[in-house]
Amino acid sequence: MEVLLENEWIRTAAYYSVSLLALILFLTIFELVTSYHNWEEIKKGNIAVAMATGGKIFGVLIFLDTPSNTPIPC
């Protein structure tokens, strides 16, 4: 596994894959625990829900981007 992560392209693809899967997981959990359904409200044209969901996506991705910007000690 270490040999694969030495390649910059594979390491970048791995970080983005994990981030995308985590984003989908977090949004799914949030959709399940809230009393309203985000995507249905967005389809109805509710701008407030759309902006709040965008903020959640942005916040989760900033949190998940931190490991990719941290240098790996050799």
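General remarks:
- Subset of segment 5-47 that is surrounded by 14 or more Cβ atoms within 10 Å (Cβ to Cβ) and hydroxyl-bearing (Ser, Thr, Tyr) - its residue that is nearest to Gly59 (Cα to Cα): Ser19
- Where a residue in segment 25-51 is among the aromatic types (Phe, Trp, Tyr) and its partner, wherever it lies, is in a helix (DSSP H, G or I) and at pLDDT below 90, with Cβ under 7 Å and at least six apart: Phe26/Val60; Phe30/Lys56
The values are calculated or read from the model by the stated rules, or taken from the named source; none is laboratory data. Computed from a predicted model, the values in this text were never measured in an experiment. Glycine gets a Cβ as well: all are built from the backbone with ideal geometry, and neighbour counts include every protein chain shown.
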